[in-house]
Amino acid sequence: MIGEVLETARAHAPLLLVTTPLLAAAFVLLAPISRLNWAIGVAAMAWSAWLVLDATARLLLAGASAGAGASPLALEGIGHAGAAVLACAGLAVMVAAGANLRDFGSRERPLALALGLCVCSGWQGAMVAQDLLGVFLACETAWLASVGLAALGGERGALNGAMRMISAGAASAAMFLLGAALLMRGTGVVRMSELPLAQIEAPISSAVGVALIIVSLAAKAGLAPFHAWLPAVAGRTSAFAALTLACVGVVGALAVMARFAAYAIPAPALGESVTNVLTALGVAGVAIGSLQAIGAANVRRLAVYAGAAQGGCVLLALGLGSPAGFAASLLQLGALAAAGIAVLGGVAASGCKLNLDGLDGLGRRAPVSGAAMLVGALSLMGAPLTLGFLGRWRAIEAAVGVDLWWSAGAIIAASLAAAIYAGRLIERLYFRRSATPTPIQHDPWRISIFPVLICGALVLALGVEPSMLLRVAQAASHQIAGDAP
Amino acid sequence: MMSLDPALLAKVAIAASMALVVLSVVTLLTASNAGKRLAGAAVVMLGAALAVSALRAPQIFVSAAVAVALAYAALGALILIRLQEAYGDTELPAIDAVDDDAEGSGRAP
């Protein structure tokens, strides 16, 4: 009986990845007890994570993925690996929510949890949707839920950030729609998997369409120079919203870009435009994100600017257009999600002030949170034996492999800049004493520390023994980008 | 009666809807009042729906654009009301100044 249920669930894994968090969101709004709500949310994301990791072991690593066929939802290639990263990040965020929901009033908590689940469902939906309309609707569902979550709780300044998200989101949605319409007019295809074999009748309008879609997703990923909404929200919203936006929202939008690029780059007459747009955005992201992270005075803003710089590195790797570049970008996505949870989760778990001086001596006052933040910061700067190093190293190798030395140089420059801002974080944590130490507000059950610790441990463990992760990244990139020119 | 070339009409429709999108994006990104930005958000989505229709994309895309536009307008209106309640103002430079002051003095408003 249980075996039959599991087999049915496995057969419908893409659909369940979208519907499970949505159903859980509905239950959360109905259930009256906060702890029960949290347990429902954690169970839904744990089920999603199990489904996608099981599919990874059975299909992706075995090379048995049969493709989407005519199905509107499917797990394949880059989307499969992206969904795995998102489901695991969503689970970690949902576990930490057990303590982070304290920022909300008792009436707001179920709504915040439900919106968080909708964000996870939306981005996971964008990973499995096969046509452009499905991707658009999934992205917009996630984005609108993110806006609602950002506006709840936190300081009143979060409302200002949420209004900026409305502006950026509407412009981004319009660009996506225009891009999709131009692409369909030029190529005649709606399903992304048909793009590589499409007869392109209007190459210029198709290329403009692809560029508009990529820029639209860059705005949702908070990549420089389209990231005006991100620091405004991250600095003033609740801890749960900041963690969800930075570790699920930003990573989700970057993963959708990777997936779209994997279909568009092999398309004749489109590949060069896609790589040019990705590379230009990547360079801008690295330069602007790194400079702003160096100047940041708020730890959450520092983390999101650092994320924008890391996102730039992901785009630089994608812009190489080779399977090795796609594999490197997937590794960097995983590293970005884990480092984000370690740093932002560590801040939330310790309950310290958000100004950088609130971190002074935190490594001694809250040793576990401090250690997780240390590992996250080391991964952000790409220190050896961390997941961040692995992603950077692979990206540099891939760049050198296609003779794009300047791209490798930009990734190294991002690491050097990261050494400055992440080094400042580490210096504050361990080499300074606070003049006015604030009491550490531990949650009574220490729930928020578990995902932070696990992510910190994963950053180190996967940095030391990356063979499984490398196999997944290579299998995912070869399924779609294996025939890229 | 003079008949108009359908191909020319289609091009004019595409150009007009694109112009609407561009103008409303400019409004969306530069208006100093939150209400004007919200109106810009609604108009940019309307322009996108018109452009999608003019580009002969499947009608389901137009329906999706209208649905998403309504969602943005509804959520934006809620946030606008809460902004007015929280700050007593919807002028974004004034709201930014209040937020910056609160952040500078290290207290939550």
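Scoring A:Leu159 on the criteria (1) under 25 Å from B:Leu20 (Cα atoms); (2) buried (at least 24 other Cβ atoms within 10 Å of the Cβ); (3) of a type in the set (A, V, I, L, M, F, W, C); (4) at the interface with chain B (Cβ under 9 Å from one of its Cβ atoms) leaves a single failure, condition (1). Considering (1) within 9 Å of another protein chain (Cβ to nearest Cβ); (2) under 17 Å from the mean Cα position of the chain (by Cα); (3) open to solvent by 10 Å² or more (accessible area, probe 1.4 Å), the lone condition that A:Val147 does not fulfil carries the number (3). Apart from one condition, A:Ala142 fits all of (1) more than 14 Å from chain B (Cβ to nearest Cβ); (2) in contact with a Gly (Cβ under 7 Å, 6 or more places away or on another chain); the exception is (1). Answer with yes or no whether A:Val368 is β-branched (Val, Ile, Thr) and over 22 Å from A:Ala324 (Cβ atoms). Considered against the rule, which asks whether it is β-branched (Val, Ile, Thr) and over 22 Å from A:Ala324 (Cβ atoms), A:Val368 comes out as yes.
Considering (1) crowded, with 24+ Cβ neighbours inside 10 Å; (2) at pLDDT 90 or above, the lone condition that A:Leu362 does not fulfil carries the number (2).
Looking across region B:9-39, the residues that are among the small types (Gly, Ala, Ser), farther than 13 Å from A:Ala173 by Cβ and outside any loop (DSSP other than H, G, I, E, B) come down to B:Ala10, B:Ala13, B:Ala15, B:Ala16, B:Ser17, B:Ala19, B:Ala34, B:Gly35, B:Ala39. Kindly establish whether B:Leu78 is open to solvent by 60 Å² or more (accessible area, probe 1.4 Å), under 16 Å from the mean Cα position of the chain (by Cα), free of Cβ contacts under 8 Å to residues at least 40 places away in the same chain and within 24 Å of A:Val215 (Cβ to Cβ). Here the answer is no, as B:Leu78 does not meet what is asked. Restricted to helices (runs of 4 or more DSSP H) entirely inside region A:356-469, those with at least 2 residues that are more than 26 Å from A:Met94 (Cβ to Cβ) and either within 19 Å of the chain's Cα centre (by Cα) or touching a residue at least 40 places away in the same chain (Cβ under 8 Å) (or both) are A:362-365, A:387-401, A:405-430.
Here A:Val314 meets each of (1) at pLDDT below 95; (2) open to solvent by less than 10 Å² (accessible area, probe 1.4 Å); (3) among the aliphatic types (A, V, I, L, M) with one exception, condition (1).
When you look at A:Leu230, is it in a helix (DSSP H, G or I) and at pLDDT 90 or above, yes or no?
Judged against the criteria, A:Leu230 is not a match.
Just so you know, in region B:13-42 the residues that are within 7 Å of chain A (Cβ to nearest Cβ) and open to solvent by 30 Å² or more (accessible area, probe 1.4 Å) include one that is nearest to A:Trp229 (Cα to Cα), and it is B:Leu29. Of all residues in region B:43-68, those satisfying the criterion of being at the interface with another protein chain (Cβ under 8 Å from one of its Cβ atoms) and within 15 Å of the chain's Cα centre (by Cα) are B:Val44, B:Met45, B:Gly47, B:Ala48, B:Ala49, B:Ala51, B:Ala65, B:Val68.
Within region A:26-60, can you find the residues that are under 25 Å from A:Arg471 (Cβ atoms) and modelled with pLDDT of 90 or more?
A:Met45, A:Ala46, A:Trp47, A:Ser48, A:Ala49, A:Trp50, A:Leu51, A:Val52, A:Leu53, A:Asp54
Among the residues of region B:69-107, those that are at the interface with another protein chain (Cβ under 8 Å from one of its Cβ atoms), under 23 Å from A:Gly134 (Cβ atoms) and not small (Gly, Ala, Ser) comprise B:Tyr72, B:Leu75.
Taking region A:237-281 on its own, how many of its residues are at positive phi and crowded, with 24+ Cβ neighbours inside 10 Å? Total meeting the criteria: 0. The number of residues in region A:285-304 that are touching a residue at least 60 places away in the same chain (Cβ under 8 Å) and open to solvent by 30 Å² or more (accessible area, probe 1.4 Å) comes to 6. The number of residues in region A:173-217 being of a type in the set (Lys, Arg) and more than 10 Å from every other protein chain (Cβ to nearest Cβ) comes to 1.
Can you pull out every residue in region A:33-43 that is open to solvent by 10 Å² or more (accessible area, probe 1.4 Å) and out of contact with any Lys or Arg (no Cβ under 8 Å at 6 or more places or on another chain)?
A:Ile33, A:Arg35, A:Leu36, A:Trp38, A:Ala39, A:Ile40, A:Val42, A:Ala43
Looking at this structure, is A:Ala170 within 12 Å of another protein chain (Cβ to nearest Cβ), more than 22 Å from the chain's Cα centre (by Cα) and either without any contact (Cβ under 8 Å) to a residue 60 or more places away in the chain or crowded, with 23+ Cβ neighbours inside 10 Å (or both)? Spelling it out, it is not the case that A:Ala170 is within 12 Å of another protein chain (Cβ to nearest Cβ), more than 22 Å from the chain's Cα centre (by Cα) and either without any contact (Cβ under 8 Å) to a residue 60 or more places away in the chain or crowded, with 23+ Cβ neighbours inside 10 Å (or both). Here A:Gly271 does not qualify as away from every other protein chain (no Cβ under 14 Å) and within 23 Å of A:Val85 (Cβ to Cβ). Taken together, A:Gly79, A:Gly67, A:Gly63 contain a single residue that is surrounded by 14 or more Cβ atoms within 10 Å (Cβ to Cβ) and either over 24 Å from A:Thr244 (Cα atoms) or at pLDDT below 90 (or both), which is A:Gly79.
The residues of region A:321-331 that are among the polar types (S, T, N, Q) and either open to solvent by less than 10 Å² (accessible area, probe 1.4 Å) or out of contact with any helix residue (DSSP H, G or I) (no Cβ under 7 Å at 6 or more places or on another chain) (or both) amount to a single one, A:Ser329. With respect to A:Arg259, is the statement that it is of a type in the set (Lys, Arg) and over 17 Å from A:Ile213 (Cα atoms) true? In short, no.
The values are calculated or read from the model by the stated rules, or taken from the named source; none is laboratory data. Note that this is a predicted model, so its numbers are computed, not measured. A quick note on method: Cβ atoms are made from the backbone with ideal geometry, for glycine too, and the neighbour counts reach across all protein chains shown. When the accessible area is computed, the model is the full protein with side chains, heavy atoms only, and any ligands, DNA or RNA have been set aside. Shrake-Rupley method; radii C 1.70, N 1.55, O 1.52, S 1.80 Å.
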